[in-house]
Amino acid sequence: MIPSRYFATLVLASTLLAAAVTTASEASPVPDGSPASATCRIHNDTRWDFKVKSGNTSNQSVDSHTTTSITEGKIKGKDENSGKTISGYCRDGDEVEIKEDGGVPVLTVK
């Protein structure tokens, strides 16, 4: 049995330990201290340059005939010169591709 004078100390210690474990599990694995974000790869196999919003990140460039990484989530993009648009969704680790089908950009998961 634990003497009552030590009980408050044990409760405080276990609370601090739980908080430290929670903080450590939420800590960023990225060395610069920024939070890690989930990404997906996108390949644009068209002649259009898209500005893309995905997840909570806007203004991501996906230029013609390039491959880049974007934030996971709902994808909405537009080529400002032609007005062509794309939309879709990607999950962490997905590879998606923009292809042209009859003059229309189509976003598909590889």
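The values are calculated or read from the model by the stated rules, or taken from the named source; none is laboratory data. Just so it is clear, the structure is predicted and the values come from calculations on it, not from any experiment.
Listed values, structure above:
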| quantity | calculated |
| --- | --- |
| Residue under evaluation residue 82, criteria (1) at pLDDT 95 or above; (2) of a type in the set (Gly, Ala, Ser); (3) not assigned by TED's automatic domain parsing to the domain that holds residue 104, criterion not met | (3) |
| Residue list for region 78-108, restricted to those being over 24 Å from the mean Cα position of the chain (by Cα) and among the hydrophobic types (A, V, I, L, M, F, W, C) | 104 |
| Among the candidates 64, 87, residue that is under 15 Å from residue 51 (Cα atoms) and not in a strand (DSSP E or B) | 64 |
